[in-house]
């Protein structure tokens with residue numbers, strides 16, 4: 001039996017689509033599928049299906065919908081798939097039964113191949129993932145309130161996969177065949193700078209330098225008119241490289257994409273400014289880590305950490321957040337992230353994990369050891385840090401941003417462009433600091449004004465930061 005969300009909600013058994021009943025019943029199935037292999041409480045299902053003011057009959061109606069759905073999925077009786085649990089319901093699926101799960105695994109594999117420089121494998125995996133889509137996700141439930149944020153989240157995943165596939169195909173020299181597709185998508189998504197950069201590169205490599213420059217000019221005017229912004233530093237560098245016909249734009253000179261899947265764009269050369277060594281006590285110094293991200297956070301007497309794809313550790317699953325007793329080293333819990341985890345932070349009584357696959361930040365309750373919320377933040381979130389009244393998360397969305405999540409409202413309250421390839425983030429000294437791994441800078445952000453107040457060139461690929469009142473060397 002196959003379950004499908006990447007298009008109208010559908011269940012196919014031995015090649016035959018099942019009759020799923022009314023819109024509310026299909027919505028119930030969709031909610032359970034979005035949380036496959038998790039217990040979804042009755043209260044949450046009622047809220048999702050009927051909103052903040054459900055009718056008095058909602059609990060009984062929910063039981064009826066569950067009963068009918070179970071009969072549709074299991075005509076022979078029993079609770080093989082749709083299982084009743086204390087306080088809620090659980091839809092038990094194997095890994096390959098849900099198209100969304102297959103899509104996410106293929107995308108993760110494709111992005112990993114892209115980061116490793118295996119463009120052929122990346123293009124194949126991402127094309128296979130995109131082929132699973134039969135139309136807009138949850139297409140028959142587009143007007144259900146619960147579906148709106150999920151549709152936006154899944155569409156963002158699809159576009160990120162598409163951009164990754166195009167990146168791989170550009171590296172394989174297929175620029176001429178990509179132009180029509182890129183023109184159509186960049187017109188439909190006028191604010192996605194990565195697609196415009198890919199179109200500029202494809203046009204330039206096809207001998208259409210003037211058209212590539214016109215594409216940049218049109219994007220610049222649109223950004224200024226709509227948002228009062230200039231294109232990202234990466235696109236500005238690409239325009240300058242096209243103007244001088246920089247040989248690094250040619251296919252033979254291309255460098256594999258970075259870990260976050262950003263387009264391979266030329267970097268300016270010249271002297272590099274480096275921070276002085278930390279050789280004595282000094283206040284409010286920002287330390288830059290080049291090699292990796294902080295992935296552990298202490299909460300009381302426990303330690304949370306994230307585990308990415310690969311073999312499971314004892315008691316900790318791959319792609320999960322693990323909880324360890326700091327005193328005896330005992331594994332207390334393994335909480336599935338539902339994608340590929342990146343940054344992790346402890347803040348405001350919760351543990352927060354960035355999920356690079358679906359562009360969300362998960363809020364985990366350290367007491368119940370469960371995911372309490374998923375907040376959509378955009379493409380490839382990576383670094384997390386709490387302070388200055390909010391949780392801050394870096395993302396490659398919109399050309400490179402840092403977003404503030406209000407931990408009381410569980411939503412993004414502001415998003416600030418910061419540079420190219422933002423990774424690490426830290427809070428201190430009345431500022432938010434962001435490491436931009438693709439342009440070798442650290443951005444200082446005023447959290448109240450929501451603007452970058454200073455940009456420090458450090459060179460290399462900075463990826464992690466820490467801020468402290470006193471440092472010793």
Identify, from the list 215, 248, the residue that is in the same structural domain as residue 179 (by TED's automatic domain parsing), more than 15 Å from residue 196 (Cβ to Cβ), assigned to a helix (DSSP H, G or I) and touching a residue at least 12 places away in the same chain (Cβ under 8 Å). 248
Given the criterion over 17 Å from residue 367 (Cβ atoms) and either touching a strand residue (DSSP E or B) at 6+ places or on another chain (Cβ under 7 Å) or at pLDDT 70 or above (or both), identify the matching residue among 338, 310, 322. 338
Evaluate the following for residue 40: is it outside any helix (DSSP H, G or I) and either surrounded by 19 or more Cβ atoms within 10 Å (Cβ to Cβ) or touching a strand residue (DSSP E or B) at 6+ places or on another chain (Cβ under 6 Å) (or both)? yes
Residue 45 fails exactly one of (1) crowded, with 16+ Cβ neighbours inside 10 Å; (2) touching a strand residue (DSSP E or B) at 6+ places or on another chain (Cβ under 8 Å); (3) more than 21 Å from residue 141 (Cα to Cα), namely (3)
Going by the conditions given, is residue 346 surrounded by fewer than 22 Cβ atoms within 10 Å (Cβ to Cβ), out of contact with any helix residue (DSSP H, G or I) (no Cβ under 6 Å at 6 or more places or on another chain) and part of a loop (DSSP other than H, G, I, E, B)? no
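Could you grab me the full set of residues in the range 88-112 that are in contact with a helix residue (DSSP H, G or I) (Cβ under 7 Å, 6 or more places away or on another chain) and surrounded by fewer than 21 Cβ atoms within 10 Å (Cβ to Cβ)? Walk me through how you get there before you give the answer.
Of the range 88-112, the ones in contact with a helix residue (DSSP H, G or I) (Cβ under 7 Å, 6 or more places away or on another chain) are 88-89, 91, 95-96, 98, 103, 106-107, 109-111.
Scanning the range 88-112 gives 88, 95, 96, 106, 109.
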Kindly check whether there is at least one residue in the range 188-203 that is free of Cβ contacts under 8 Å to residues at least 24 places away in the same chain and in contact with a helix residue (DSSP H, G or I) (Cβ under 6 Å, 6 or more places away or on another chain). yes
Exactly one of (1) surrounded by fewer than 23 Cβ atoms within 10 Å (Cβ to Cβ); (2) in contact (Cβ under 8 Å) with a residue 60 or more places away in the chain; (3) within 19 Å of residue 415 (Cβ to Cβ) is unmet by residue 232. Its number? (1)
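The values are calculated or read from the model by the stated rules, or taken from the named source; none is laboratory data. Please read these numbers as outputs of a predicted model, since none were measured by experiment. In this analysis, Cβ positions are derived from the backbone assuming ideal geometry, glycine residues included, and neighbour counts consider all displayed protein chains.
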